[in-house]
Amino acid sequence: MLLLKLTLVPAFLYLLAQVARYYGPPRAGWMAGLPVVAGPILWLLLQEHGADFATHAAMQAIAAIAASELFNLVYARCAARSGWPLTLTAALGGWLLAAMLLQALTLSLPSVLAVAGLAVLINSRCLPRPAAKDVRAAANETLWLRMLAAAVLTLLASLAASRLGARWSGVVAVFPLLAVVMAVSTQRMQGTAAVQVLLRGMLLGRLGFAGFCLTLVLLLPRLEGNLAFLLAALISIGLQLQSRRLLPA
């Protein structure tokens with residue numbers, strides 16, 4: 001499992017870099033919504049702590065979409081005025097604030113779906129909409145550094161999730177790992193407009209992720225764990241493909 005975590009996410013990041021280069025940041029942001037990071041972490045929680053723990057973590061992961069969207073909103077807004085170090089610091093601060101607020105709330109399944117949906121709706125209105133002509137061409141000159149950073153962050157998030165309670169584990173599983181790596185590299189190499197369209201593209205990717213976690217919440221108490229994860233992955237991919245129709249041409 002350790003080898004999987006250290007290779008899957010960097011390999012996926014490499015794929016996203018190629019997608020961003022040839023098809024644009026919105027398509028890469030959309031693909032980043034697939035549960036490539038959270039899926040293995042939640043599966044590991046199932047193996048270590050059982051179905052009930054993983055179910056609660058998956059439900060909290062849905063609510064944690066709101067924290068990830070706050071990260072995206074703060075990053076997109078601050079990137080227009082500041083370089084990536086200050087922008088990343090502010091965005092991570094927003095994520096941590098939202099994550100702590102989620103821990104203070106006791107939410108039912110309808111409530112976590114409402115929180116996640118409201119966050120996506122707010123960002124659909126509040127995220128900047130730069131013109132396509134302002135987006136500079138992509139480059140892959142630091143791709144190996146981004147892949148290394150993704151591997152390290154994945155390992156740290158996995159270790160943290162396995163040592164926390166179900167509520168914090170669900171939030172940590174949705175830590176915006178790919179958003180951190182992709183946003184920083186995109187801002188550095190392509191500028192503000194590119195990172196803003198990347199983060200807006202992530203909005204559509206939330207559908208497949210929420211479908212994945214919701215399926216786990218509904219099926220883990222009723223089915224064998226691996227079968228529940230397989231069905232959740234299939235549903236996530238199906239929803240992701242459906243949401244592709246809403247991507248800009």
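The values are calculated or read from the model by the stated rules, or taken from the named source; none is laboratory data. Everything numeric in this text was worked out from a predicted model, so none of it was measured. Cβ atoms come from the backbone with ideal geometry, glycine included; neighbour counts cover every protein chain shown. Areas reflect the complete protein model, heavy atoms only, side chains present, ligands, DNA and RNA absent. Shrake-Rupley method; radii C 1.70, N 1.55, O 1.52, S 1.80 Å.
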Remind me, what semi-axes does the range 28-123 give for its equivalent ellipsoid, largest first in whole Å, using sqrt of 5 times each Cα gyration tensor eigenvalue?
26, 16, 13
On the accessible surface of the range 21-140, probed at 1.4 Å, how many percent belong to carbon and sulfur atoms?
66 percent
For the range 210-218, just list the computed ³J(HN,Hα) in residue order, Karplus coefficients 6.51, -1.76 and 1.60, θ = phi - 60°, integers in Hz, with x standing in for Gly and Pro.
4, x, 4, 5, 5, 4, 5, 4, 7
With a 10 Å radius around each residue's Cβ, average the other Cβ atoms per peptide and rank 58-70, 24-36, 181-193, highest first.
58-70, 24-36, 181-193
